[in-house]
Amino acid sequence: MELRVLRYFVEAARAGNISRAAAALHVSQPAMSKQLRALEDELGTKLFKRTNYNILLTAEGMLFRQRAEDILAMVRQAKNEFETMGNDVSGDVHIGGAESEGFRCVARAMKAVREAHPKIRFHIYSGNREDLDYRLEKGLLDFVLTLQAADEEQFDTLTLPDADEWGVVMRKDAPLAKKKHVRVDDLSGLPLIVSREAMGAEYPAWFGAAFSSMDAAVTFNLVYNAAVMVREGLGYLLSIGGLVDTGADSDLCFRTLSPQMTSPLYVVWRKHRPFSPAASILLEEMKKRYADGRAI
C-alpha cells in the first residue's frame with residue numbers, strides 16, 4: 001500500500017468523483033481508477049459505490065478514509081519535523097483542547113515561545129475527550145488540555161494553576177436568574193442542556209442521588225450551539241464559566257452552583273514521545289511557568 005494511492009483515495013472521497021480527483025492531482029482518470037481498484041483488491045473489500053456520475057463511500061470506505069487521512073497527516077507532520085531540525089527553531093506544534101477559560105495558561109506559554117522563536121507555528125484542535133485522546137494516541141496531537149486526569153501509565157501530566165468553576169447559563173428573564181447560586185433542588189423538573197462528557201463524572205458527583213431523575217433534555221459536546229438553544233428557551237445550560245457571553249449586553253446570565261463544583265485543568269502528552277524541537281520548547285516553557293500547578 002503506497003502513500004500515493006492513499007492520496008488518490010482521499011482525494012476521490014473528497015471530490016465524490018474520480019475524474020475530478022484525477023484532475024486535481026494531475027493524473028489520468030484511467031490510472032487513478034486502476035489504482036483504486038487495486039487498493040480494494042488489496043484490502044479485500046469495496047470502498048466505493050460507483051454510479052454513472054459519482055462515487056459514494058461504503059461503510060468500509062468511510063472507516064478507511066479516516067485511517068488514510070490519519071496516516072497522511074502523520075507523514076506530513078514527520079516530514080515537517082525533520083525538515084526543521086538543525087535550522088533556526090521552527091515547525092508546527094499541535095494542541096488539542098477542551099473548551100475552557102484555562103486555555104489562557106497555554107496561550108501565555110505559546111506567546112512567550114513565539115516571541116523567542118517566531119517561526120514556530122501552533123495548530124489548535126477543539127473537540128471532546130474521546131476525539132482528543134484518539135488523536136493524541138495516534139500522534140496527531142502533541143499536547144491535550146483536559147479537565148480530567150489522564151492514565152498515568154500512558155501519559156505524563158502538567159497540572160495548571162487555574163480551575164474551571166461550573167454553573168448554569170440561563171436567560172436573564174428566567175426565574176432562577178434572581179438567585180445568586182443554583183442548588184440541586186432548583187433544577188428539579190427543569191429541562192437541562194448538558195455536556196455528554198460531564199455526564200460520566202462531574203454531574204453525578206454534584207447531583208448525587210438526584211442525578212437519575214434529572215431532565216437531560218439535550219446533550220452537547222461544544223458549547224456554542226448549546227448557548228443558542230438557551231436563548232431560544234429550550235432549557236438551562238450546565239457549563240463551566242467563561243465560555244458563553246453573559247455580559248451586560250447579553251440576554252444570558254451565569255449563576256454558579258452551590259455547593260461549588262470546580263474542575264482542575266491538565267496538559268497531558270504521551271509518555272516517552274520523541275518531541276520535535278518546537279514541541280519541546282513549548283513543553284519546557286509550560287513547565288517553567290506552571291511547576292506543581294502554581295503560576296510562576
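To keep it simple, each residue is scored yes or no on (1) surrounded by 15 or more Cβ atoms within 10 Å (Cβ to Cβ); (2) over 29 Å from Tyr125 (Cβ atoms); (3) in contact with a helix residue (DSSP H, G or I) (Cβ under 9 Å, 6 or more places away or on another chain); (4) not assigned by TED's automatic domain parsing to the domain that holds Thr146.
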{"residue": "Val169", "(1), (2), (3), (4)": "yes, no, yes, yes"}
{"residue": "Trp206", "(1), (2), (3), (4)": "yes, no, yes, yes"}
{"residue": "Phe211", "(1), (2), (3), (4)": "no, yes, yes, yes"}
{"residue": "Val218", "(1), (2), (3), (4)": "yes, no, yes, yes"}
{"residue": "Ala227", "(1), (2), (3), (4)": "yes, no, no, yes"}
{"residue": "Asp251", "(1), (2), (3), (4)": "no, yes, yes, yes"}
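Being part of a strand (DSSP E or B) and either at pLDDT 95 or above or under 15 Å from His181 (Cα atoms) (or both) is the filter here, so list the residues in segment 220-261 that pass it.
First pass over segment 220-261, keeping only residues part of a strand (DSSP E or B): 220, 236-240, 252-257.
Passing the criteria: Tyr236, Leu237, Leu238, Ser239, Ile240, Leu252, Cys253, Phe254, Arg255, Thr256, Leu257.
If the requirement is being of a type in the set (Lys, Arg) and crowded, with 18+ Cβ neighbours inside 10 Å, which of these qualifies: Arg65, Arg121, Arg104? If you could, list the steps in order and put the result at the bottom.
Details: Arg121 fails: crowded, with 18+ Cβ neighbours inside 10 Å; Arg104 fails: crowded, with 18+ Cβ neighbours inside 10 Å.
Answer to the check: Arg65.
Against the test of being at negative phi and under 16 Å from the mean Cα position of the chain (by Cα), the options Leu190, Leu160, Leu141 yield a single qualifying residue, Leu141. Thr58 passes every criterion in (1) of a type in the set (Ser, Thr, Tyr); (2) over 30 Å from Glu197 (Cα atoms); (3) in contact with a strand residue (DSSP E or B) (Cβ under 8 Å, 6 or more places away or on another chain) apart from (2). Would you confirm whether any residue within segment 270-288 is among the basic types (Lys, Arg), more than 26 Å from Asn128 (Cβ to Cβ) and not in a loop (DSSP other than H, G, I, E, B)? Yes, the conditions are met somewhere in segment 270-288.
Taking the residues in segment 1-26 that are part of a loop (DSSP other than H, G, I, E, B) and not aliphatic (A, V, I, L, M) as candidates, determine which candidate is surrounded by the fewest Cβ atoms within 10 Å (Cβ to Cβ). Spell out how you get there, then give the answer.
Initial filter on segment 1-26 (part of a loop (DSSP other than H, G, I, E, B)): 1-2, 16-17, 26.
So of that shortlist, the ones also not aliphatic (A, V, I, L, M) come out as 2, 16-17, 26.
Working: Glu2: 10, Gly16: 15, Asn17: 15, His26: 6.
Selected residue: His26.
Residues that are out of contact with any strand residue (DSSP E or B) (no Cβ under 8 Å at 6 or more places or on another chain) and touching a residue at least 40 places away in the same chain (Cβ under 8 Å) within segment 213-249 comprise just one, Leu243. Listed by first and then second residue, the pairs with beta-carbon distance under 6 Å, at least 6 apart or on different chains, first residue in segment 180-202 and in a loop (DSSP other than H, G, I, E, B) and of a type in the set (A, V, I, L, M, F, W, C), second crowded, with 17+ Cβ neighbours inside 10 Å and at pLDDT 95 or above, are Leu190/Tyr236. The set of residues from segment 245-273 being within 18 Å of the chain's Cα centre (by Cα) and closer than 21 Å to Ala163 by Cα comprises Ser263, Pro264, Leu265, Tyr266, Val267, Val268, Trp269. Scanning segment 143-159 for residues that are surrounded by 22 or more Cβ atoms within 10 Å (Cβ to Cβ) and either over 23 Å from Pro259 (Cα atoms) or among the acidic types (Asp, Glu) (or both) yields Phe143, Val144, Leu145. Only one of the numbered conditions (1) touching an Asp or Glu at 6+ places or on another chain (Cβ under 8 Å); (2) assigned by TED's automatic domain parsing to the domain that holds Ala198 is violated by Arg255, and that is (1).
For segment 121-140, which positions are touching a helix residue (DSSP H, G or I) at 6+ places or on another chain (Cβ under 6 Å) and modelled with pLDDT of 95 or more? Outline the logic, then answer.
Residues of segment 121-140 that are touching a helix residue (DSSP H, G or I) at 6+ places or on another chain (Cβ under 6 Å), as a first pass: 122, 138-140.
Correct list: Phe122 only.
Given the structure, is Leu132 without any contact (Cβ under 8 Å) to a residue 60 or more places away in the chain, buried (at least 21 other Cβ atoms within 10 Å of the Cβ) and either among the aromatic types (Phe, Trp, Tyr) or over 29 Å from Ala209 (Cα atoms) (or both)? Taking the combined requirement at face value, the residue satisfies it.
Quick check: is even one residue across segment 176-195 at pLDDT below 95 and closer than 19 Å to Glu99 by Cα? Yes: one or more hits.
The values are calculated or read from the model by the stated rules, or taken from the named source; none is laboratory data. None of these values were measured; they are calculated from a predicted model. All Cβ positions, even for glycine, are placed from backbone atoms using ideal geometry, and neighbour counts span all protein chains on display.
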